Amino acid sequence: MTETTNLDKPESQVAAIWRQFREHKGAVFGLAVLGFLVVFVLIGPLLWQAETLKVSEALKVKNQGPSLRFPLGTDQLGRDMLDRMMSAGQVSLAVGFIAMMIAIFFGTFIGILAGYFKRLDGPLMRLTDMFLALPLIPLLLVMVMLFRDRIAKVVGPEMGAFILIVFAIGLTSWMHAARIVRGEVLALKEREYVLAARSIGAPPRRIILRHILPNVISPVMVAATLGIAEAIITESVLSFLGLGFPPDFPTWGRLLFDGLQYMQLYPERVIWPGLAISLTVLSVNYIGDGLRDALDPKARGR
Amino acid sequence: MKLKTALLGAACAFAIAPAAFAERGADGHVNVLYWQAPSTLNPYLSSGTKDVESASLILEGLAGFNEKGEVVARLADSVPTVENGGVSADLTQITWKLKPGLLWSDGTPVTSADAKFTYEYCTHPEGGCAQAARYEGIASIDTPDAETVVITFSAPKPNPYTAFVGGTSPILQAAQFANCLGAAASTCTEQNFGPIGTGPFMVTEFKTNDTVSLAANPNYRDPAKPAFATMTVKGGGDAEAAARAVMETGEFDYAWNTQINPELQAAMAGGGKGTFLNGFGTLVERIEMNMTDPSADLPEGERATTMHPHPILTDIRVRTALSKAIDRQVLVDVGYGSAGRPTCNLVPAPEMFASDNTGCLTQDIEGAKALLDEAGWVPGADGIREKDGVKLHVLYQTSTNPVRQDFQALIKGWWEEIGVSTELKNIDASVYFGGDAGSPDTFQKFYADVEMYANNFDGTDPEPYLAQYLCDKIPGPANQWQGENINRFCDPAYDVLVKEMSATAEMGKRSELAKKMNDMLTKDSMVVVPLVDRGRLSAASTSLGGTLLNTWDTEMWNVQDWFRVK
Amino acid sequence: MLTYTLRRLLLAIPTLLLISLVIFLLVDLAPGSPASEIPLTVPPEVRQKILESLGVNQPIFVRYFLWLKQFFYVEPLNGIDALFGSHLAEGMQRIISYQTRSPVFPLIGERLPQTLTVIGTAYVVGVLIALPIGIYSAYRQYSLFDQFGTMFAMIGFSVPTFFTGTVFIIVFGVWLGWFPTKYDTTLSVTDWDSFVKQIRQMAMPVMVLGLANAAAISRYMRSSMLENMKQDYVRTARAKGMSERTVVLKHVLRNSMIPVVTIIALGIPSIFGGAIITENLFGVNGIGAALIGAIRGNDLPMVQTLAFIFAILIVTFNLIADVLYGLLDPRIRYD
């Protein structure tokens, strides 16, 4: 019931959330790690410039372990792994977050509509069933065939590939979130406080935004955390199939996949990208935990 | 019943006299891994290597090729030639004689009628036979008696060893397939999955795209062979996992096509559990130059067609410079190791057809730069060459495959060293090689400046292969992009040579013509830039004896001679 | 509830028909062709002939209606024939795969056993691991157990199966030699020895998939439990002096099951769908491997049939999940 007073002072609400968030050790740790990763991929390339080697020179230093000259070693063609990890990270983090947000947005939106409005439930859930049933690879192939050249013409091949991949992943992974949110909403809308809100004549938009949405945050957070990992991995599968970025465009998923065949000989080749993906997912998970506690009005009161 | 007795016999022989070496079935069981599993055992319904090779354990032709590419008799008594009178002097007729007393695995006799039936089966207009090319140019097949097959060609055929020769055109049992002609072919699942043959093994169970279980053929013509009583051909996984299962865990005795990176090859070979077998055939990884303009600004239907010549690559100096910048030995070391060797030829083998062209083997960056200077392409401010305000930029596409992506990265590096900006693109193999006229990404459409893939020819005769570069085989909208002349090369002088070769029977002259055509496509015009002569690489356990890799026929060609090393 | 279920079942028919049409159009529109399986050495004329004999060149709606007839009429008749030895379907063309040129349904039948054993076991193992971990992690939030559980789940989820599979093969197959790296589909369990053999060859694919499944489900379980632990009714129950056991396992758990049920129900059709990468890696060669093989080779009848069976299962299990919601939370009403 403190909610109404909080509404008048939105700044203090943000501050309260932040205060609560800071108390969550895991969340602060997650934020620090994620911050480090973002700095690593964005600022890193400014500080560390890989030597530009001719092909013949690069081949002389192929498959090296970590050293001062190559802090993370080199790959089978003598390319600097640190440099590749940094540029790969830019793509992977961007793809992971944006695709996840698209998926979560669509999933939550459709889930809430379906759960709350009985008339929409049938059609929207059948749409969800259909997307779940569609075989993913032909779907992606068709999307790439129809849109790649058109988008590339407008924004260039690399940006075009980025937009296409982000949307392809987002539009093919919202269904789980939608089903989960709908399930929760079905239960929530029969709760007393929702009934109370409805009985005083609150419009559906207000009920959804004020009462239902905050209460489905927790499964959505889980879906979001898992979604990032899934998006990063799916991107590597797409690139692997030749549907993603051009082949000289590294991403973490791709580095992991490429390193696989060298795993027995040079294990660090899979450790770096594997570690980066795991750290991203882990940090987002802790941040999600912290955010959930911070957003929960009851927990905040404690 | 027969199978059971055979198995029992084998088991007894094994129990009583394990030292009896030259006895059928004495060596027990052998495990073979085809990581791309066979989907049918009828090679006339699928031309995939995996299907043809698995079927060759069961089905045989009149003759086959040995590891040197020579024709050797299998079901035939001997190989007919002009010298022994088996091939008519005007090259329009070949007469095969079956070995006497041949039996199918079900105990019935093999006759010339089976061969004639096989011809009818494959040339049926509704059958969609995958090996129809092997029976092309045949006017009729006659069977004067049960052991003689006379093939008459409609025109002189300098290479008469196509029908019934090699794993791609074996003889089917007429009695078994009698009801499977034409459109009925796909209703004959039982027959297609369990053909009765004359080969060393027969099928006991077939799980499509998964496992073939086989047992020694009790009626195989050599009573002492095969040494193994049973065999399993298993599918699934990838080349690396296959190599591991032979070389590291020892679960399998033989693995087909274990193409893995050279360093891993060396590490696995060091383990001592198995050895890699390699052999070279005619498969050449090459870059093809697009002679037409693939620009996306052209309207669909004119793009990459002969209406618009390529603005940059029609200059031979640019093509030569691109070739000179490549160090082929490095490509081999990075991608293939012992399973590849650098080449400048489109036809690298057989020896009599291979040109002595080795000019491209040494990399020449400076020479490449000089050529581009001469052609008027001068370095701009960013190091990229330009001419009349146009940047020297190429789009380089290939199918998705780790080795090809490494090649792309290396070649891009070299080309950028000589000032050519390079954009890379990779396409899923099922789309790239799919030939779907609706897709912009097929290798036939060639909506790129240069592209890389590998191709070879069936058997030992390069004539049809070289005939692919005829002017009228250029793919385009008119033929639904189905032509084989991928780089749109067109030279009337070349067409004349192709015609001449098809009318030439004398081997010396044929070899001269083939070499000349090979040189016209490669070193003289640089429209085809060969990179690597790719061999086959398979893995065999050290406990498996008798393996001999053959690139001219199926890898299972001598499976009857395999044995267990004790 | 019953009327709701019946209405949903009736609605499922047009839904499924629509889905089948969309799948068909999608697979047909995809820029591949069965010709990609044919080696380049085969000349274009022969290639055209092969495609013609497959029926690829017929108009799309002819092929779609033929498929509908085959799926809903010819194949059930064949099923009856196989069961009762009758001859109802004689002479009718069944759904024929482009790749193998043989009927699709026996192929699926051949592959179902290994998929159900391996993937099904992995799923059960995953759920059995995930539920206790999720419940206890939530009950003792931020304890050492919870932290380890979180780490385990995150690693399990962020590392793709192509990676864990290869690591397991190298460690357990190559270095330790405990388990075979290739699954033998011809093995039939008849005695103790063959049973042990079966367990050994299942071990690695089950571990790989179980880990991935457990990771996701345990996260949902934990978060849902946490959400409910804070509710007023929990405080009330505790205040009434109920034992912790009753509070957690009866009240909280039951109310926390809704998202978990969704995830588990969504996962069950995927057991049938198999695990593409894992099946391929270990040579399990089940439905997943068949699907990816068919997609690669543009084997339209096979992809279409598998995807459609998959759609039927998804629609069914989502219906089951909806019914379960109502049982778990009586406040949820559909009528």
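Tell me which strands (runs of 3 or more DSSP E) are completely within the range B:137-236 and hold 1 or more residues being closer than 16 Å to B:Val52 by Cβ and either free of Cβ contacts under 8 Å to residues at least 24 places away in the same chain or among the β-branched types (Val, Ile, Thr) (or both), or say none if there are none.
Those strands (runs of 3 or more DSSP E) span B:201-207, B:211-216, B:230-234.
Return yes when C:Gly120 is in contact (Cβ under 8 Å) with a residue 12 or more places away in the chain and away from every other protein chain (no Cβ under 12 Å) and no when it is not.
So C:Gly120 fits the description; yes.
So is C:Ser97 touching an Asp or Glu at 6+ places or on another chain (Cβ under 6 Å), at pLDDT 85 or above and within 13 Å of chain B (Cβ to nearest Cβ) or not?
yes
If you check every pair at least six apart or on different chains, which have Cβ atoms under 6 Å apart with a residue in the range A:272-297 that is more than 10 Å from chain C (Cβ to nearest Cβ) first and a residue that is among the basic types (Lys, Arg) second?
Close Cβ pairs (under 6 Å, with a partner that is among the basic types (Lys, Arg)) do not exist here.
Any residue that is in a strand (DSSP E or B) and within 12 Å of chain C (Cβ to nearest Cβ) - is there at least one of those in the range B:249-259?
Looking for residues that are in a strand (DSSP E or B) and within 12 Å of chain C (Cβ to nearest Cβ), one finds at least one in the range B:249-259, hence yes.
Restricting attention to the range B:60-119, report how many residues are in a strand (DSSP E or B) and among the aliphatic types (A, V, I, L, M).
Adding up the residues that qualify gives 9.
Counting only residues that are assigned to a loop (DSSP other than H, G, I, E, B) and closer than 26 Å to B:Gly61 by Cβ, which one in the range B:450-503 is farthest from the chain's Cα centre (by Cα)?
This residue is B:Glu484.
For the range B:260-302, give me each residue that is of a type in the set (Asp, Glu), assigned to a loop (DSSP other than H, G, I, E, B) and closer than 20 Å to A:Tyr262 by Cβ.
none
All but one of (1) part of a loop (DSSP other than H, G, I, E, B); (2) of a type in the set (Phe, Trp, Tyr); (3) in contact with a Ser or Thr (Cβ under 9 Å, 6 or more places away or on another chain) hold for C:Phe152; state the number of the condition that does not hold.
(1)
Would you point out the residue of the range B:328-354, among those that are surrounded by fewer than 21 Cβ atoms within 10 Å (Cβ to Cβ) and in a loop (DSSP other than H, G, I, E, B), that is modelled with the lowest pLDDT?
Once the filter is applied, the top-ranked residue is B:Pro350.
This table checks each residue for (1) in contact with a strand residue (DSSP E or B) (Cβ under 9 Å, 6 or more places away or on another chain); (2) under 26 Å from A:Phe249 (Cβ atoms); (3) more than 7 Å from every other protein chain (Cβ to nearest Cβ); (4) assigned to a helix (DSSP H, G or I).
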position	(1), (2), (3), (4)
A:Arg126	no, no, no, yes
A:Met130	no, no, no, yes
A:Leu139	no, yes, no, yes
A:Met143	no, yes, yes, yes
A:Arg148	no, yes, yes, yes
A:Glu158	no, yes, yes, yes
A:Gly227	no, yes, yes, yes
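Looking at C:Ala138, C:Ala130, C:Ala153 in this structure, which one is out of contact with any Leu (no Cβ under 6 Å at 6 or more places or on another chain), modelled with pLDDT of 85 or more, within 14 Å of chain A (Cβ to nearest Cβ) and crowded, with 18+ Cβ neighbours inside 10 Å?
Only one candidate passes the filter, namely C:Ala130.
Tell me which of these A:Gln264 doesn't satisfy, since it passes every other one: (1) facing another protein chain (nearest Cβ under 7 Å); (2) over 18 Å from C:Gly165 (Cβ atoms); (3) not charged (D, E, K, R).
The failed condition is (2).
Can you tell me which residue in the range B:179-220 is nearest to the other protein chains (Cβ to nearest Cβ), limited to those that are among the β-branched types (Val, Ile, Thr) and within 18 Å of B:Cys129 (Cα to Cα)?
B:Thr189
C:Leu88 passes all but one of (1) in contact (Cβ under 8 Å) with a residue 24 or more places away in the chain; (2) touching a Leu at 6+ places or on another chain (Cβ under 6 Å); which number fails?
(1)
Looking at the range B:488-502, I want the residues that are without any contact (Cβ under 8 Å) to a residue 40 or more places away in the chain and have a partner that is outside any helix (DSSP H, G or I) with Cβ atoms under 6 Å, at least 6 apart or on another chain. Which pairs are those?
Qualifying pairs under 6 Å: B:Asp495/B:Leu470; B:Val498/B:Leu470.
So is A:Arg269 farther than 28 Å from C:Asp146 by Cα, facing chain B (nearest Cβ under 10 Å), crowded, with 24+ Cβ neighbours inside 10 Å and modelled with pLDDT of 85 or more or not?
Taking the combined requirement at face value, the residue does not satisfy it.
Show me the helices (runs of 4 or more DSSP H) found entirely inside the range C:228-334 where at least 1 residues are surrounded by 17 or more Cβ atoms within 10 Å (Cβ to Cβ) and among the acidic types (Asp, Glu).
Passing ranges, in order: C:276-282, C:300-328.
Quick test for you: out of B:Thr292, B:Thr275, B:Thr282, B:Thr314, pick the one residue that is modelled with pLDDT of 90 or more, in contact with a helix residue (DSSP H, G or I) (Cβ under 9 Å, 6 or more places away or on another chain), β-branched (Val, Ile, Thr) and under 30 Å from B:Cys471 (Cα atoms).
Unique residue meeting the criteria: B:Thr282.
Considering only residues that are in contact with a Phe, Trp or Tyr (Cβ under 7 Å, 6 or more places away or on another chain) and either in a loop (DSSP other than H, G, I, E, B) or more than 10 Å from chain A (Cβ to nearest Cβ) (or both), which ones fall in the range B:404-434?
Within the range B:404-434, B:Phe433 is the sole residue that qualifies.
In the range B:508-566, which residues are among the acidic types (Asp, Glu), within 21 Å of B:Arg404 (Cβ to Cβ) and in contact with a helix residue (DSSP H, G or I) (Cβ under 8 Å, 6 or more places away or on another chain)?
Across the range B:508-566, there are no qualifying residues.
Here is a list of conditions, (1) modelled with pLDDT of 90 or more; (2) at positive phi, and B:Cys471 meets all of them except one; can you say which number that is?
(2)
Filter the range A:52-85 down to residues that are in contact with a Ser or Thr (Cβ under 7 Å, 6 or more places away or on another chain) and either surrounded by fewer than 17 Cβ atoms within 10 Å (Cβ to Cβ) or farther than 25 Å from B:Asp364 by Cα (or both), then give me how many there are.
5
The values are calculated or read from the model by the stated rules, or taken from the named source; none is laboratory data. A quick note: this is a predicted structure, and the numbers were derived from the prediction, not measured. For neighbour counting, all protein chains shown are included, and Cβ atoms are generated from backbone atoms with ideal geometry for every residue, glycine included.
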